[in-house]
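Each remark here refers to the structure printed beneath this line.
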Amino acid sequence: MNILLVITANGWRGSGVSYAKIARGLLDRGHRAHLVTATTRLTDRLTREGLPVTQLPRRDTGPREVLALWKAMRRTGAEAILTDAPRDVRLSAYATLLHRVPIVYRYNLNYRQPRSDIMDRAYLTRVAACFYQSRYIRRQAYKHAPRLRRLPSKRIPNGYDTGVLAPDPEAGVAFRARYEIPAGAPVVLTAAKLTHDKGHDVAIEALHQIRRDGVELVYVICGDGSKEGELRELASKSSMRTVFTGLLERADMVGALSAADVVVHPSLHEIFPNAVGEAMSCGRPVVAADAGGTAELLGRDGTTGILVPAGSAETMADAVRLLLEDRELRREIGVAARRRIERRFPLSRMIDGYEQGFAEVVRRRG
């Protein structure tokens with residue numbers, strides 16, 4: 001098969017990570033896969049991953065972008081196009097008007113209310129199938145765009161490479177040394193883009209409550225984004241040592257997770273959070289806001305992670321405090337979390353899903 005993967009997102013986390021997995025998985029299985037991006041930042045990151053990439057002139061849905069996508073589609077001989085966001089669908093709908101290639105919509109519209117004008121409904125008529133990362137986002141899709149119920153669909157949860165994402169005590173020690181974190185200091189970590197919906201302010205308030213109890217923990221925030229300045233100011237007011245690492249490469253992220261005693265994921269809106277899956281793969285106990293599809297990944301019975309009400313700093317503080325006080329409980333949850341990923345969400349199963357899904361779409365086209 002020959003698949004074109006269109007992603008006009010700006011950042012690496014989330015969709016960028018998932019698209020890299022899909023492209024690499026298809027290539028490793030003998031298929032052809034080519035990525036089309038719209039920002040230099042993501043292009044550079046995907047290129048460093050050794051993946052074939054074409055960048056559009058801008059992030060607009062204008063004639064230049066449509067023509068560039070059409071040329072990429074013709075040059076690569078694409079048999080199907082994977083799209084990730086409404087902008088991607090619009091762009092692909094125009095580009096395939098004269099050269100009909102089926103569009104697959106990996107529905108990724110979570111907390112933003114979709115537009116509902118006549119043109120957006122028209123774009124959806126060009127979609128041949130939908131792939132959903134979680135049951136939660138499938139329900140949201142049918143609520144926002146009832147027409148999608150009539151399309152062939154497939155649920156494909158994200159998968160994780162537990163050979164790469166694994167506990168690495170030496171890397172954890174090196175990470176602590178790099179950021180001058182004492183060996184015995186409790187470390188709580190969050191990996192997420194620094195934007196308004198990720199709940200970092202809730203986590204800072206929760207950890208501040210624990211610090212008031214006399215626990216001198218270190219809060220490590222991995223990621224970048226528009227809210228960094230505001231979060232730095234908020235953290236300084238709490239007098240809690242907070243380390244901002246910026247966006248980390250994969251090996252450095254494994255070191256950061258291996259250095260952490262607890263991972264908190266306070267995000268208020270999630271489809272199927274890669275950051276949680278990566279932490280679980282690395283054997284870390286996770287405290288996460290019960291939002292969107294997070295529970296489908298983490299589990300609800302408390303043995304593989306702890307869910308707390310979204311936006312509740314007090315409940316989050318209680319859960320983190322419990323884990324920091326009980327080393328054995330942290331170990332048990334971390335081991336069970338990694339086992340859950342190995343059994344239910346391996347990378348191979350994710351690639352199986354996309355390979356089979358694309359094969360069905362291409363076969364229907366023929």
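A few notes on this one:
- Of Leu231, Gly293, Met73, farthest towards positive along the dipole that unit charges on Lys, Arg, Asp, Glu beta carbons give the chain: Met73
- Quick note on segment 69-171: its Rg to Rh ratio, both from C-alpha atoms and Rh being the Kirkwood radius, is 1.08.
- Between 0 and 90°, nearest 10: helix 347-365 axis offset from the chain longest Cα axis: 20 degrees
- Using Cβ point charges alone (K and R +1, D and E -1), the dipole size of segment 190-343 about the Cα centre works out to roughly 280 debye.
- Two-site label geometry, Leu322 and Arg349: point separation in nm, points 7 Å out along Cα→Cβ: 2.6 nm
- Exposure proxy for Trp70, Trp12: other Cβ atoms within 10 Å of each Cβ, ordered fewest to most, give Trp70, Trp12.
- Identified option (computed Rg and Dmax of the Cα atoms in Å; candidates (1) 20.9, 67; (2) 24.1, 84; (3) 18.9, 54): (1)
- Principal-axis tilt of helix 250-259 within the chain, Cα atoms, nearest 10 degrees: 30 degrees
- Least to most buried among Ser236, Ser18 (fewest other Cβ within 10 Å first): Ser236, Ser18
- Cβ-derived FRET efficiency at R0 45 Å, Leu329 paired with Arg59, nearest 0.05: 0.50
- As a length-normalised measure over Cα pairs under 8 Å and 6 or more apart, the relative contact order of segment 1-139 settles at 22 percent.
- Helix-only CD estimate at 222 nm, as mean residue ellipticity for the chain, using -39500 (n - 2.57) per DSSP H run (n ≥ 4): -14000 deg cm²/dmol
- The chain, relative contact order in percent, only Cα pairs under 8 angstrom and at least six apart counted: 15 percent
- GluC sites (Glu not before Pro) restricted to DSSP loop in segment 126-220 with at most 15 other C-beta within 10 Å: Glu180, Glu216
- Once the Cα atoms are used to define both axes, helix 327-344 deviates from the longest principal axis of the chain by about 10 degrees.
- Distance between the modelled labels on Glu230 and Arg135, one decimal in nanometres: 3.4 nm (7 Å Cα→Cβ projection).
- Electrostatic dipole magnitude of the chain [Cβ: Lys, Arg +1; Asp, Glu -1; Cα centre; debye, to 20]: 2000 debye
- Segment 169-344: relative contact order as a whole-number percent, Cα under 8 Å and 6+ apart: 24 percent
- Fewest neighbouring Cβ atoms within 10 Å first, the residues Cys222, Cys282 line up as Cys222, Cys282.
- Our estimate of slack between Lys237 and Arg250, defined as 0.36 nm per intervening residue step minus the Cα-Cα distance, is 1.6 nm.
Just so you know, all these numbers are worked out from the coordinates, no wet-lab data involved. This is a predicted model, so every value here is computed, not measured. In this analysis, Cβ positions are derived from the backbone assuming ideal geometry, glycine residues included, and neighbour counts consider all displayed protein chains.
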